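The structure under discussion appears below in the form of structure tokens.
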Amino acid sequence: METRDRHLKLLTETIEAVNSTLDLQEVLSQVATNVAAALEADACFVYLYDERADELVLRATHGSHIDELTRRPRMRPGEGITGSAAESRAPVMIESQAHLDPRFKHFPNLPEDEYESILAVPILTRDGTLEGALNVRTRQARSFIEDEVELLLAIAAQVAQSIEHAKLYAEAQRRVHELEALARISEAVSNSLYLEESLEAIVKTTMDALHATGAALVLDDGRIAWPEGVAGTHAIRQPLRWRGRQIGELVADRETAFTQADRELLASIATHAAVALEHGRAVMRGVLAQEIHHRVKNNLQTVASLLRLQARSADAVDPREALEHSVNRILAIAAVHELLTERHEEDVDLADLIDRLRSMLVQGVGGGKDVIATLEPVELPGVRATALALVFAELLQNALEHGGDRVQVELARAGDDIVLAIADDGAGIGDAGVDGTGLSIVRALVRDELRGTLELRSDAGTRVEVVFPA
């Protein structure tokens, strides 16, 4: 009666433990202690089955401290005496010298060979799914009676129920965590008008949701759009897909391995990231199209104004020469657009622009003249760069057509100003040149577009200097 009462108390306490908490580790530790006490065993080991790794992993013990184990014992179903019980889905009992049984599996950090007897039972759900196994051990030889075997099977069934509850709870928690992360991303994407802000929110939420040490969005051209944190030992990459094509990758790093649940969460985040990225690009394309239309309209108006000015000129100009000048002005504008397209930015490298225009004009009207350029790297917004390109093309063309054999081009910063100078060793410019249509265009552009000044000196050649604020 005393033994039966003890067994009944154990079963009652196990049921209470299972129903009182969703903390699986707490339940397993309590079961190991209570089972060992009720069956008067010296040790109790509880293993859980890791389906992905197909391994039984030691999770709780009584008689050995699991925290002191440097490497947690693992075995496949069928390995060891406890693994044999798991594989056969039936109890296995050895009365004495259990460590001499051919099925015994030795763990260097688990002193199981000090025990004589063992009773191992599988942990099965109601439908027979394997969830783990547990065993009890004694240092003295012992034959466990049928009631004790049945009791241990009943305890294992309760543990299986606790495992099921813990899995359901963990899955629910994971879904809540995932939904919270996706909600934060959706809110950030909806509230932000700028693509960079959306990408930043996605990357930071990815790090938070996956407990990652680092994350990044890699675009389809290989450019890292937004890196955050640092790389870890383990990394996962999730493609960003939009309408059947890959438009980038979402990458996450951390020191511990990523689970299947982590991968599924990253896939959900990647779906939102792809929508945000494509939406942001669509907005940018619309803005870019408006900007291009605006620039083209302004440039066409500039060309039209230059042509009207040329047409109203009182000078006797050769029509062929006037047409060539107009073509060079249009090509100067085209050079600015070419640079803007290549750089994917709003600013133009003036040194690169002037060097391209120099090569084009020398090839067209240079007539074998020696043109030397000293150019410092200076950047200017596209709108002002267009005005400077027209100014430079006009001045260099005049120097090539009317100057000496040697032309010097200079571009430099002077404090808060930019200085562009073109000098030649010719006879100098006359009054007709000073009042000509070309210099009238240059003066208007320098004054109205560049907000600068133009100085022309004709002494031992001609030097034209344009100074405007950077």
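The values are calculated or read from the model by the stated rules, or taken from the named source; none is laboratory data. In this text, all values refer to a predicted model and were calculated from it rather than measured experimentally. Cβ atoms come from the backbone with ideal geometry, glycine included; neighbour counts cover every protein chain shown. Only protein heavy atoms, including side chains, enter the accessible area calculation; ligands, DNA and RNA are left aside. Shrake-Rupley method; radii C 1.70, N 1.55, O 1.52, S 1.80 Å.
In what sequence, largest accessible area first, do 162, 359 appear using a 1.4 Å probe?
359, 162
What size of dipole, in debye to the nearest 20, comes out for segment 79-163 about its Cα centre when the only charges are +1 on Lys and Arg C-beta atoms and -1 on Asp and Glu C-beta atoms?
That gives a dipole near 140 debye.
What accessible surface, in Å², does a 1.4 Å probe find on residue 443, ignoring ligands, DNA and RNA and rounding to the nearest 10?
90
What is the sum of charges around residue 377, taking Lys and Arg as +1, Asp and Glu as -1, for the other residues whose C-beta is under 10 Å from the C-beta of residue 377?
Counting the neighbours of residue 377, the net charge comes to -3.
Using a 1.4 angstrom probe on the protein heavy atoms only, could you order 49, 115, 169 from most to least accessible area?
So the residues, ranked largest to smallest area, are 169, 49, 115.
Local charge sum around residue 450 (other residues, Cβ-Cβ under 14 Å, Lys/Arg +1, Asp/Glu -1)?
After counting each charged neighbour, the total is -3.
Given the protein chains as shown and a 1.4 Å probe, how many square angstrom of residue 256 are accessible, to the nearest 10?
90
Net charge near residue 233: determine it from the other residues with C-beta under 12 Å of the C-beta of residue 233, scoring Lys and Arg +1 and Asp and Glu -1.
Taking every other residue near residue 233 into account, the sum is -1.
If packing is taken as the average number of other Cβ atoms within 10 Å across a peptide's residues, how do 139-151, 414-426, 395-407 rank, most packed first?
Listed from highest to lowest mean packing, they are 395-407, 414-426, 139-151.
Treating only the Cβ of Lys, Arg, Asp and Glu as charged (+1, +1, -1, -1), what charge dipole size does segment 221-273 show about its Cα centre? Round to the nearest 20 debye.
320
Determine the share of segment 34-170's accessible area contributed by carbon and sulfur atoms, expressed in whole percent, with a 1.4 angstrom probe.
44
Run the simple label-point estimate for residue 97 and residue 113 please: 7 Å along Cα→C-beta, distance reported in nm.
Here the modelled spin labels are 1.5 nm apart.
Report the calculated FRET efficiency for residue 90 and residue 241 (r = Cβ-Cβ distance, R0 = 45 Å), to the nearest 0.05.
My answer for the efficiency is 0.40.
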